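> Here you go, one structure.
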């Protein structure tokens with residue numbers, strides 16, 4: 001070991017400290033030179049082999065090397081701690097204009113639901129809401145579904161372990177509202193429903209309905225037909241045809257099914273309307289007296305009508321959608337058309 005070698009080692013060490021780009025690299029340099037097995041401790045051990053006349057000078061230079069290294073090490077460590085992390089550094093030119101991603105669009109079902117609420121609001125209806133998880137009383141018993149009714153079977157209804165269920169229609173909202181309010185009543189109840197249906201072009205296990213209820217003195221089937229025809233013309237266009245067919249529902253008597261003419265084929269017959277020219281949109285009728293008795297209404301004083309419409313079916317008619325499943329595949333290229 002000689003003085004020249006110590007000088008060269010010092011210059012090299014200080015250069016490596018300066019070149020360290022982060023804390024990990026700086027620590028590696030420190031270990032290389034000052035670690036227990038580092039270069040400087042090794043040089044200190046070699047002092048005993050230096051000529052006695054040169055030993056004081058060599059020891060002095062080694063101390064200078066150690067002090068210079070530690071001083072530069074601490075300075076570089078402080079610099080790195082103050083420097084912004086790569087994540088904080090701006091990686092783009094902030095003066096450039098932003099990339100326009102376009103405005104989002106409402107889902108077709110949301111569009112139709114908001115339009116339906118607007119139309120019925122103009123007729124004096126207000127919006128009522130209820131839970132998706134219902135009791136058997138609100139979903140079936142109060143709506144005149146006796147024990148053993150097919151709709152209560154597990155093959156048609158999603159039951160929970162505590163006996164509650166996912167509502168099969170939005171009609172339970174009518175029951176809850178009538179239990180809490182005296183007549184007159186004029187409400188609509190939009191929301192999700194759940195049934196054990198096999199998905200196909202016109203059916204889904206999870207779908208949307210908008211329920212309507214009008215209760216007052218001398219409400220008739222003519223009021224129902226007039227309001228639903230007005231809705232069809234406002235929502236679907238003035239050329240939309242509406243027909244009412246006799247049917248049966250436990251909670252209405254008399255009952256009707258309501259069909260709108262198919263916009264996909266203009267009534268000529270296609271896959272969507274099953275070649276009939278019509279799409280079933282709603283079930284409706286005059287509220288059965290048993291329902292009024294279940295909620296405490298006097299059947300001698302009031303009558304009413306109720307209806308429930310499938311929003312997916314209306315969306316198919318309005319937008320010309322050929323398969324209901326397209327609404328739930330979340331393909332933005334498809335949904336963005338509407």
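> According to the square roots a ≥ b ≥ c of the eigenvalues of the Cα gyration tensor, what is the shape class of the stretch 203-249, taking rounded for a/c under 1.5, prolate for a/b larger than b/c otherwise, and oblate for the remainder?
It is oblate, given that a/c is not under 1.5 and a/b is not larger than b/c.
> Separate question: Which residue fluctuates most in the GNM of the chain (Cα springs below 10 Å): 53, 180, 282?
Of 53, 180, 282, the Gaussian network model singles out 53 as fluctuating most.
> Before anything else, pin down the relative contact order of the stretch 108-335: Cα pairs under 8 Å, at least 6 apart, normalised by residue count, whole percent.
Worked out over the stretch 108-335, it gives 21 percent.
> Counting alpha carbon pairs within less than 8 Å and at least 6 residues apart, what relative contact order, in whole percent, applies to the stretch 3-88? Write out the running numbers ahead of the final one.
Details: 54 pairs, mean separation 33.8, N = 86.
With pairs under 8 Å counted, the relative contact order is 39 percent.
> How many nm is it between the label spots at residue 266 and residue 141, if each spot is 7 Å from the Cα in line with the beta carbon?
The modelled label-to-label distance comes out at 5.4 nm.
> If you don't mind, another one. Roughly what would the spin-label model give for residue 132 and residue 44, points 7 Å off Cα along C-beta, in nm?
7.0 nm
> On to the next question. Running Debye on the stretch 151-306 with equal point scatterers at the Cα sites and no solvent, what base-10 log of I(q)/I(0) appears at q = 0.14, 0.16, 0.17 Å⁻¹?
Each listed q corresponds, in turn, to -0.81, -1.02, -1.13.
> At what distance in nm do the modelled label points of residue 241 and residue 21 sit from each other, each positioned 7 Å from its Cα along Cα→Cβ?
The two pseudo-label positions are separated by 7.6 nm.
> Provide the FRET efficiency to the nearest 0.05 for the residue 331-residue 160 pair, computing r from the beta carbons and using R0 = 30 Å.
That gives a FRET efficiency of 0.40.
> Another question, then. Ignoring everything except DSSP H segments at least 4 long, calculate the 222 nm mean residue ellipticity for the chain; use -39,500 (n - 2.57) per segment, divide by total residues, nearest 500. Don't skip to the end; give the middle numbers.
Values: 11 runs with 129 residues, N = 338.
Calculated from helices alone, the mean residue ellipticity at 222 nm is -12000 deg cm²/dmol.
> Next question, about the same structure. For the chain, divide the Cα radius of gyration by the Kirkwood radius and give the resulting Rg/Rh value with two decimals.
Taking Rg over the Kirkwood Rh, I get 1.51.
> Another one. With equal scatterers on the alpha carbons only and no solvent term, can you work out the Debye log10 of I(q)/I(0) for the stretch 3-88 at 0.12, 0.14, 0.17, 0.22 1/Å?
Taken in order of the listed q values, log10 I(q)/I(0) reads -0.40, -0.52, -0.70, -1.02.
> Roughly how large, in nm² to one decimal, is the mean projection of the convex hull of the alpha-carbon atoms in the stretch 104-193? Mind showing how you got there, number by number?
Values: hull surface 31.0 nm².
Hull-based average projected area comes out at 7.7 nm².
> So what is the relative contact order of the stretch 203-338, in percent, for Cα pairs below 8 Å that sit 6 or more residues apart?
Result for the stretch 203-338 is 30 percent.
None of the figures in this text is laboratory data; all of them are computed from the coordinates on show. A quick note: this is a predicted structure, and the numbers were derived from the prediction, not measured. Every residue, glycine as well, gets a Cβ built from its backbone with ideal geometry; the counts of neighbours run over all protein chains shown.
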